[in-house]
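The values are calculated or read from the model by the stated rules, or taken from the named source; none is laboratory data. Values in this document were obtained by computation on a predicted structure and should not be read as measured data. As a convention, Cβ positions derive from the backbone with ideal geometry for all residues, glycine included, and neighbour counts pool all protein chains shown.
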């Protein structure tokens with residue numbers, strides 16, 4: 001059973017729970033509509049330290065389903081953003097700290113947003129690991145947790161199964177990644193487009209994608225960097241393997257192990273993200289964009305783009321560049 005736990009505490013931002021939950025529910029609905037295969041439903045749980053209702057910073061009361069102590073394991077645990085200085089909230093919720101350590105040891109994913117990342121830092125989970133938080137709290141965070149490697153220029157960080165998102169918008173991007181893991185790339189792109197198509201391009205997509213797919217294989221990381229810089233050319237994987245002094249078979253195996261994608265799939269993903277960006281920000285023709293992304297065959301490019309984004313390039317451009325208001 002896949003379970004997702006949303007930790008509730010006083011002074012939290014309700015959107016830290018509502019937005020990712022709505023994204024996951026949308027993904028479930030899309031999967032059900034697109035597939036005849038049965039899927040084990042995701043169990044969503046709202047949990048506070050003692051199972052009692054909590055008041056958000058706006059005065060809204062949230063009713064948990066249970067106490068954290070009633071939950072043995074959680075596939076993903078979300079830690080909410082907190083309003084203003086988080087110290088008092090963390091002090092009043094000390095019981096969650098050993099529970100988070102236990103979840104980490106059991107292999108569960110923990111995702112904090114904004115100052116909610118302080119829960120992980122307070123528990124010692126982020127010691128000597130990269131992390132981020134809301135920009136307004138950078139200095140206080142660095143002072144309070146000097147052993148944490150604070151990444152001020154990163155919107156999302158990952159270390160093993162610990163994720164930090166700088167804001168609720170970043171948490172939404174992170175949730176799209178989780179949806180891709182559970183439901184696949186096509187549904188993840190659908191969710192992304194339906195929730196954010198009017199206001200996308202909040203952050204550099206490639207850097208976020210790489211942060212979320214970090215791995216320790218330095219030679220494969222070099223290959224990824226080379227592909228990103230040369231994706232517009234006709235890339236021969238055998239040449240990359242040769243540059244790294246590997247056989248093509250070894251290169252393919254190590255690349256798949258490190259990234260969970262084949263080199264070809266990875267290259268296509270880089271090209272599709274570039275194509276989406278060009279459709280959003282440029283007036284280039286679709287044929288020119290296809291060529292700049294390494295595709296000579298326009299119909300092949302269109303087919304791949306539709307598979308990745310769930311819509312044609314022209315429809316995508318119309319959607320992401322639609323005016324929210326009109327003077328007419």
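Of all residues in the stretch 266-283, count the ones that are surrounded by fewer than 16 Cβ atoms within 10 Å (Cβ to Cβ) and within 18 Å of residue 302 (Cβ to Cβ). Lay out the reasoning, then the answer.
As a first pass, look at the stretch 266-283 and keep what is surrounded by fewer than 16 Cβ atoms within 10 Å (Cβ to Cβ): 280-283.
Okay, now just the ones that are also within 18 Å of residue 302 (Cβ to Cβ), so 280, 282.
Selection size over the stretch 266-283: 2.
Can you pull out the residues in the stretch 158-167 that are on the phi < 0 side of the Ramachandran plot and either assigned to a loop (DSSP other than H, G, I, E, B) or at pLDDT 90 or above (or both)?
Let us first name the residues in the stretch 158-167 that are on the phi < 0 side of the Ramachandran plot, namely 158-159, 161-167.
Listed by number, the residues that qualify are 161, 162, 163, 164, 165, 166, 167.
I'd like to check something: does the stretch 234-242 contain any residue that is part of a helix (DSSP H, G or I) and within 26 Å of the chain's Cα centre (by Cα)? Let's see the steps before the verdict.
Filtering the stretch 234-242 down to residues part of a helix (DSSP H, G or I) leaves 237-242.
Those left that are additionally within 26 Å of the chain's Cα centre (by Cα): none.
For the stretch 234-242, residues part of a helix (DSSP H, G or I) and within 26 Å of the chain's Cα centre (by Cα): absent.
All but one of (1) closer than 23 Å to residue 160 by Cα; (2) in contact (Cβ under 8 Å) with a residue 24 or more places away in the chain; (3) under 22 Å from the mean Cα position of the chain (by Cα) hold for residue 219, so report the exception by its number.
The single condition residue 219 does not satisfy is (3).
Can you find even one residue in the stretch 299-317 that is exposed (fewer than 13 other Cβ atoms within 10 Å of the Cβ), modelled with pLDDT under 90 and within 27 Å of residue 220 (Cα to Cα)?
So far as the stretch 299-317 goes, no, none of its residues is exposed (fewer than 13 other Cβ atoms within 10 Å of the Cβ), modelled with pLDDT under 90 and within 27 Å of residue 220 (Cα to Cα).
Is it the case that the stretch 212-233 has a residue that's surrounded by fewer than 16 Cβ atoms within 10 Å (Cβ to Cβ) and at pLDDT 90 or above?
No.
Within the stretch 86-94, is there a residue that is touching a helix residue (DSSP H, G or I) at 6+ places or on another chain (Cβ under 6 Å) and in the same structural domain as residue 166 (by TED's automatic domain parsing)? Before the answer, list the steps.
As a first pass, look at the stretch 86-94 and keep what is touching a helix residue (DSSP H, G or I) at 6+ places or on another chain (Cβ under 6 Å): 86, 90.
Next, from what is left, pick out any that are in the same structural domain as residue 166 (by TED's automatic domain parsing): 86, 90.
Yes, there is a match, as at least one residue in the stretch 86-94 is touching a helix residue (DSSP H, G or I) at 6+ places or on another chain (Cβ under 6 Å) and in the same structural domain as residue 166 (by TED's automatic domain parsing).
In this structure, does residue 259 turn out to be closer than 22 Å to residue 300 by Cβ and surrounded by 14 or more Cβ atoms within 10 Å (Cβ to Cβ)? Show your work before the answer.
Details: closer than 22 Å to residue 300 by Cβ: no; surrounded by 14 or more Cβ atoms within 10 Å (Cβ to Cβ): yes.
No: the conditions fail for residue 259.
Taking the condition of being in contact (Cβ under 8 Å) with a residue 24 or more places away in the chain and either assigned to a loop (DSSP other than H, G, I, E, B) or not assigned by TED's automatic domain parsing to the domain that holds residue 167 (or both), how many residues in the stretch 125-138 meet it? Working first, answer last.
From the stretch 125-138, those in contact (Cβ under 8 Å) with a residue 24 or more places away in the chain are 125-126, 129-135, 137; that's our starting set.
If we keep only those that are either assigned to a loop (DSSP other than H, G, I, E, B) or not assigned by TED's automatic domain parsing to the domain that holds residue 167 (or both) too, we end up with 125-126, 129, 132-134.
Number satisfying all stated conditions: 6.
For residues that are surrounded by 24 or more Cβ atoms within 10 Å (Cβ to Cβ) and under 15 Å from residue 12 (Cα atoms), tally how many sit in the stretch 81-110.
3
Looking at (1) at pLDDT 85 or above; (2) outside the structural domain of residue 117 (by TED's automatic domain parsing); (3) surrounded by fewer than 19 Cβ atoms within 10 Å (Cβ to Cβ), which is the one condition that is false for residue 207?
The single condition residue 207 does not satisfy is (1).
Restricting to helices (runs of 4 or more DSSP H) lying wholly in the stretch 1-113: which have 3 or more residues that are under 25 Å from the mean Cα position of the chain (by Cα)?
Once the helices (runs of 4 or more DSSP H) in the stretch 1-113 are filtered for at least 3 residues that are under 25 Å from the mean Cα position of the chain (by Cα), what remains is 15-34, 96-105.
Looking at the stretch 60-73 only, could you name the residues that are under 23 Å from residue 167 (Cβ atoms) and buried (at least 16 other Cβ atoms within 10 Å of the Cβ)? Step through it out loud before you land on a result.
Here is the first cut: in the stretch 60-73, the residues under 23 Å from residue 167 (Cβ atoms) are 60, 62.
Within the stretch 60-73, 62 is the sole residue that qualifies.
Take residue 145 and tell me if it is without any contact (Cβ under 8 Å) to a residue 40 or more places away in the chain and touching a helix residue (DSSP H, G or I) at 6+ places or on another chain (Cβ under 6 Å).
Values: without any contact (Cβ under 8 Å) to a residue 40 or more places away in the chain: yes; touching a helix residue (DSSP H, G or I) at 6+ places or on another chain (Cβ under 6 Å): yes.
Against the criterion (without any contact (Cβ under 8 Å) to a residue 40 or more places away in the chain and touching a helix residue (DSSP H, G or I) at 6+ places or on another chain (Cβ under 6 Å)), residue 145 qualifies.
Identify, by number, the condition in (1) crowded, with 19+ Cβ neighbours inside 10 Å; (2) under 25 Å from residue 51 (Cβ atoms); (3) at pLDDT 95 or above that residue 145 doesn't meet.
Result: residue 145 passes all but (2).
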